[in-house]
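Presented below is the structure to which this report refers.
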Amino acid sequence: MNTKIALVTGANKGIGKEIARQLGAAGFTVLAGSRDLARGAAAAKELVAEGYEVEAVQLDVTDEASVRAAAGRIEAEYGRLDVLVNNAAIIPPGDDAVSRIEGDVLREAFEVNVFGLVGVTQAMLPLLRKAEQARVVNMSTSLASFELVGDPESPFSTMLMLGYNASKAAVNMVTVMLANELRGSGILVNAADPGNCATDMGGWDAPRTPEQGAAVAVRLATLDAGGPTGEVQAEEGRLPW
Ligand SMILES: NC(=O)c1ccc[n+]([C@@H]2O[C@H](COP(=O)([O-])OP(=O)(O)OC[C@H]3O[C@@H](n4cnc5c(N)ncnc54)[C@H](OP(=O)(O)O)[C@@H]3O)[C@@H](O)[C@H]2O)c1
């Protein structure tokens, strides 16, 4: 089987759905992960109608059984995975400044954005190792950049969401450490900052389209051999840590 296989988590809407569409257009068979299978199936149906190879897969990144089942299905149907895009994430309701955030809210952010992402990655890694030149893309954000958030002149310094920002900073470290671990294996691991895009999360008045945001991730998902690994990149290139 020559068609490359990609799994995108949280692909039922927003940037994830656009990543699925653009990977479909690039010739991938795309597995559109969705915690609600009906929502995933609706998105997949729309993309199939546009002419792309897309299948919905039930995948709640916080549910170990769901993650295991998705990995089992990919193993049984395809025997490998060429691209993993860890896109699913939340800004938990009640996310707030360090002085005010409630512990449960902070935990919820890490549950989905970090523990979920690592769990999915661990489950998919044996399949990624079976691909010729697999790529892993973790969705990050400028709000995870110490340099940008640490600049008092930057608008990013005024966005008081410890749960989201700190969990995404952890995602950056996961990205660097996995890239180091897999260096020389042919698997490239990078993080993508889509920029502020108009979605449920980004706000519908955001300056960028989901298509623009998705393109950053797709570029990293389709890197040639010898491409960068262990970086966080935005549209214009490498982002400062
Ligand atoms: N939009 C922006 O401005 C922006 C900026 C920087 C970075 N990002 C990053 O880009 C990625 C996509 O963001 P977006 O704006 O497209 O967000 P979105 O519209 O809120 O979509 C998030 C997706 O994640 C899914 N999800 C949430 N919890 C999940 C779980 N436990 N298991 C599986 N899926 C889950 C959602 O599923 P449901 O529909 O079931 O809730 C949805 O499909 C995120 O990683 C985000 O942090 C976005």
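What follows is calculated from the coordinates using simple rules that are stated; it is not laboratory data. Since the structure is predicted, the reported quantities are computational estimates derived from the model, not experimental observations. Here Cβ is always computed from backbone atoms with ideal geometry, including for glycine, and neighbour counts include all displayed protein chains.
Quick notes on this structure:
- Kirkwood Rh in Å, taken over the stretch 5-238 so that all alpha-carbon pairs contribute: 17.5
- Antiparallel bridge percentage (DSSP; both residues within the stretch 5-238; nearest 5): 5
- Using θ = phi - 60° and Karplus 6.51 cos²θ - 1.76 cosθ + 1.60, couplings along the stretch 50-57 (whole Hz; Gly, Pro as x): 7, x, 9, 8, 9, 10, 7, 10
- For the set Lys13/Lys168; Lys13/Lys130; Lys17/Lys168, the pairs lying more than 26 angstrom apart at their alpha carbons are Lys13/Lys130.
- Residue-wise HN-Hα couplings along the stretch 156-169, as the Karplus relation 6.51 cos²θ - 1.76 cosθ + 1.60 with θ = phi - 60° gives them from phi, are 5, 6, 9, 9, 9, 9, 4, x, 5, 4, 5, 5, 6, 5 Hz; Gly and Pro carry x.
- Value in Å of the Kirkwood radius, where the stretch 148-232 supplies the Cα pairs that are averaged: 14.5
- Separation between Cα centres of the stretch 81-115 and the stretch 172-241, rounded to whole Å: 18
- Highest GNM mean-square fluctuation among Val189, Val171, Val149, for the chain modelled with Cα contacts below 10 Å: Val149.
- Translational diffusion of the stretch 19-79 was estimated from the Stokes-Einstein equation, with Rh taken as the Kirkwood radius over Cα pairs; at 20 °C and 1.002 mPa s the coefficient is 183 µm²/s.
- Residue among Leu23, Leu148, Leu31 with the largest mean-square fluctuation in a Gaussian network model of the chain, springs linking Cα atoms under 10 Å: Leu148
- Burial ordering of Lys168, Lys130, Lys13, fewest other beta-carbon atoms within 10 Å first: Lys130, Lys13, Lys168
- Close amide H partners of Val189, meaning residues 5 or more places away or on another chain with modelled amide H under 5 Å apart, are Val136, Gly230.
- Karplus 3J(HN,Hα) series, Hz, for the stretch 38-47 with 6.51 cos²θ - 1.76 cosθ + 1.60 (x for Gly, Pro): 5, 5, x, 5, 5, 5, 4, 4, 4, 6
- Length gained on full extension, Gln212 to Ala42, computed as 0.36 nm times the residue gap minus the Cα-Cα distance: 59.0 nm.
- C-alpha long axis of helix 117-129 to longest principal axis of the chain, angle in °: 30
- q = 0.19 Å⁻¹, the stretch 23-137: log10 I(q)/I(0) [Debye, one scatterer per Cα]: -1.02
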